[in-house]
Amino acid sequence: MDDREHMAWLNLGMVYKAVGRRSDAIGAVRQALRIENGNRDVYYELARLFNYDNNFDAMLATLKGFVQSKQFPASLLPNADSWVQRNIIRTVAPRFDGLKPLQGKSANGVIVFLCCGDDEEFLELHRSLYLLERFFLATKRYQVVILHEGLDKGEKESLSSVLKTRELQFELVNFKFPAFVDESKVPAKLHRAGHAWSVGYRHMSRFFCKGLFEMEFMEKFDWYWRLDADSMILGSVKYDPFETLASSNKVRLRARGRARVCVC
């Protein structure tokens, strides 16, 4: 292996990650960052490794380093890894003026995830659920629903084992084109705003605009909070977004006669 090739170190780190050698993985990817300070994938994978290592401050410093590399690249030279290490500070929870502090009661809300695009997203969902319970659900009693296209029994049991204070609810979704759409004319990739949007992504977007509100389980809830599999809550949540909306005069979305508001 060429010690001067950053992609070799990054790939080695991914191999270590795959076999559970997280410390070695972090070391290898940090070496990649020492060699190349402008590669997005290096920052991204290092931040994810720090996250799974419960080192949230290092994760945030790594992401900050990536932003710095784009805005002020010379400031990271000659060693981006040293810059990241110097900028690891204790995370300070942001202030959100007007939000309602956590109380003992809960609003009529539900937390929803859509799972899963691939195996890696499935693994990330485990982490996201763990952090959600640790930093928010430990003091609140909100239902968590996993929307899926066909998780098997073992996959459901694996996800259910993460939460210790409540049971997960699983709801099957079926992504398909509306009847008025001619599938033969649908492009595999839709090029808009500098991106190539896949059919799956467009199905998802359409679902969260309409299909979700037509699902039976949503009938009993007034509020929902959509999280992605890689949504990672990194510290104690001091405010309840559901209660804040419930106590405000915000205009609610309506579907099938029920008031629904998305916490986004």
From the phi angles alone, apply the Karplus equation (6.51, -1.76, 1.60; θ = phi - 60°) to the range 182-197 and give each ³J(HN,Hα) in whole Hz, x where the residue is Gly or Pro. 7, 4, 5, 9, 7, x, 4, 10, 10, 8, 9, 6, x, 10, 10, 7
Protein-only accessible surface order, largest first, of K153, K189 at 1.4 Å: K153, K189
Nonlocal amide H pairs with A229, under 5 Å, H built at 1.01 Å: L114
Write down the Å³ per residue value for the convex hull defined by the alpha carbon atoms of the range 150-199. 159 Å³
Per-residue HN-Hα couplings for the range 227-236 [Karplus 6.51, -1.76, 1.60; θ = phi - 60°; Hz; x = Gly/Pro]: 10, 8, 4, 9, 7, 10, 7, 9, x, 4
Rg to Rh for the chain: what is it, with Cα atoms only and Rh by Kirkwood? 1.00
Projected onto the charge dipole of the chain (+1 at Lys/Arg Cβ, -1 at Asp/Glu Cβ, origin at the Cα centre), which of I26, M14, V84 gives the Cα projection farthest towards the positive end? V84
Any idea which of H191, V181, S160 is furthest toward the positive side of the dipole for the range 152-210, if Lys and Arg beta-carbons carry +1 and Asp and Glu beta-carbons -1? H191
Accessible area expressed per residue, the range 146-201, with surrounding protein chains retained (probe 1.4 Å, Å²): 72 Å²
Electrostatic dipole magnitude of the chain [Cβ: Lys, Arg +1; Asp, Glu -1; Cα centre; debye, to 20]: 1180 debye
Among I233, I146, what's the order by accessible area (1.4 angstrom probe), most exposed first? I233, I146
Within the accessible area of the range 105-211 (1.4 Å probe), percent carbon and sulfur: 53 percent
Rounded tilt (10° steps) of 22-35 against the dominant C-alpha axis of the chain: 60 degrees
Beta carbons within 10 angstrom, averaged per residue: use that to sort the peptides 199-209, 125-135, highest first. 125-135, 199-209
In the chain, taking the dipole from +1 charges on Lys and Arg beta carbons and -1 charges on Asp and Glu beta carbons about the Cα centre, the listed residue (L212, L46, A107) farthest towards the positive end is A107
For W197, residues with placed amide H under 5 Å, excluding near neighbours: L190, H191, R192
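The values are calculated or read from the model by the stated rules, or taken from the named source; none is laboratory data. Computed from a prediction, not measured in an experiment: that's the story for all the values here. Note that each Cβ is placed from the backbone with ideal geometry, even for glycine, and that neighbours are counted across all protein chains shown. Only protein heavy atoms, including side chains, enter the accessible area calculation; ligands, DNA and RNA are left aside. Shrake-Rupley method; radii C 1.70, N 1.55, O 1.52, S 1.80 Å.
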